[in-house]
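Structure first, commentary second.
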Amino acid sequence: MIELQAFPSLFGFQLLLLGCMRKAYPAIPRNWTSSFGGIKDEAYLALLQRTVVAESDAENVVLLDIEPEKQKTRVDFAATEKLLGIRPVCVTKIKKRGRQLFYDRDGREVRIERIYNRVIFDELSQRPDLKLAFRFQDDLDLTWVGHPNWYFRISKHSLPFLKTEYTSPAFLANEFPAFAKATAGRPAEEKIDNYVLKPLYSFAGHGVDMEPTREKIGALENPQEWILQKKIDYAAFVPTVDGKKSKAEIRMMFVWPDQDLNPTLVNNLVRMSQGKMMGVDFNIDKTWVGASIALHED
């Protein structure tokens, strides 16, 4: 495992993508699925409904983002609205009265009971032009799906604390063995060039340094807000019509309904790349890259 993020992914789009793949390639056996634990399409949708909408009416639930119509993930917003009946709403369109939030729906002011939160806080901090009627820190009479705090706590911040054979070694930059010993005048045991430097609270690969040095780490103003993670050599194994093989990683997608004790693994998302890093921004001039889905025999 190289990433961990308690933040919504393409839960709506992946279900539609699977349906499109089955329609385009009827030879795919019906017992091949992208889901886990025997969850079929109808059960998957019901679980997603229970997680996002729960006991509320769909009109009292919103998918919240910054200018959702301009986001790269807007196709998932459209899929989610089609599947669950909840609308994407911009943070600037929200009204606040007391501890309650409201939005306009077809000319009616509708109270918000649940927020399916898709706001990325890095992006929010870079948009001082946005005028919000509320703060994410406010004590509000509603339920977050998931809570904004999760974005920070269950994230790259958690990786240095996970010490298993299944996780890539990671350290807070100020606790990295080479950095700590070098600053104490002792020889380093770990080679920094075997690691990648990542800001704790960034997204889409922003701020990642693939070639960190001791000097770069020493110059960090707040090294406790960065991690060093051991580099992964992605295997290029996916054949493409262009001849060059693509690399891939699999994102395992969990949901966590309000009343459940533990999260449930429901689906997956495959990201493919031909560059040094995953993500659209690092593969702009490449083909046969981006998002897909992995099937396995049920």
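The values are calculated or read from the model by the stated rules, or taken from the named source; none is laboratory data. A quick note: this is a predicted structure, and the numbers were derived from the prediction, not measured. Counting neighbours? That spans all protein chains shown, and the Cβs are built from the backbone with ideal geometry, glycine included.
Here are a few things to note about the model shown:
Condition check ((1) in contact (Cβ under 8 Å) with a residue 40 or more places away in the chain; (2) surrounded by fewer than 19 Cβ atoms within 10 Å (Cβ to Cβ); (3) in contact with a Cys (Cβ under 8 Å, 6 or more places away or on another chain); (4) over 21 Å from Ala133 (Cβ atoms)) across all residues:
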residue	(1), (2), (3), (4)
Asp76	yes, no, no, yes
Thr92	yes, yes, no, no
Arg105	yes, yes, no, no
Ile112	yes, no, no, no
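- Residue in segment 8-38 that is surrounded by the fewest Cβ atoms within 10 Å (Cβ to Cβ), counting only those that are in contact with a Ser or Thr (Cβ under 8 Å, 6 or more places away or on another chain) and part of a loop (DSSP other than H, G, I, E, B): Gly37
- The criterion of at least 2 residues that are of a type in the set (Val, Ile, Thr) is met, among strands (runs of 3 or more DSSP E) falling completely within segment 58-143, by 61-65, 108-112.
- Here Asn117 fulfils each of the conditions (1) under 30 Å from Ile227 (Cα atoms); (2) surrounded by fewer than 18 Cβ atoms within 10 Å (Cβ to Cβ) apart from (2).
- Considering Val208, Val289, Val238, Val266, the condition of being at pLDDT 90 or above and either surrounded by 15 or more Cβ atoms within 10 Å (Cβ to Cβ) or closer than 25 Å to Phe152 by Cβ (or both) is satisfied by Val266 alone.
- Criterion: more than 22 Å from the chain's Cα centre (by Cα) and over 24 Å from Asn60 (Cβ atoms) - qualifying residue of Asp129, Asp104: Asp129
- The numbered conditions (1) modelled with pLDDT under 95; (2) not assigned by TED's automatic domain parsing to the domain that holds Val266 are all true for Glu69 except (1).
- Count of residues meeting criterion [under 14 Å from Thr80 (Cα atoms) and charged (D, E, K, R)] in segment 38-53: 1
- Restricting attention to segment 133-166, the residues being surrounded by fewer than 15 Cβ atoms within 10 Å (Cβ to Cβ), of a type in the set (A, V, I, L, M, F, W, C) and more than 20 Å from Gln224 (Cβ to Cβ) number 2.
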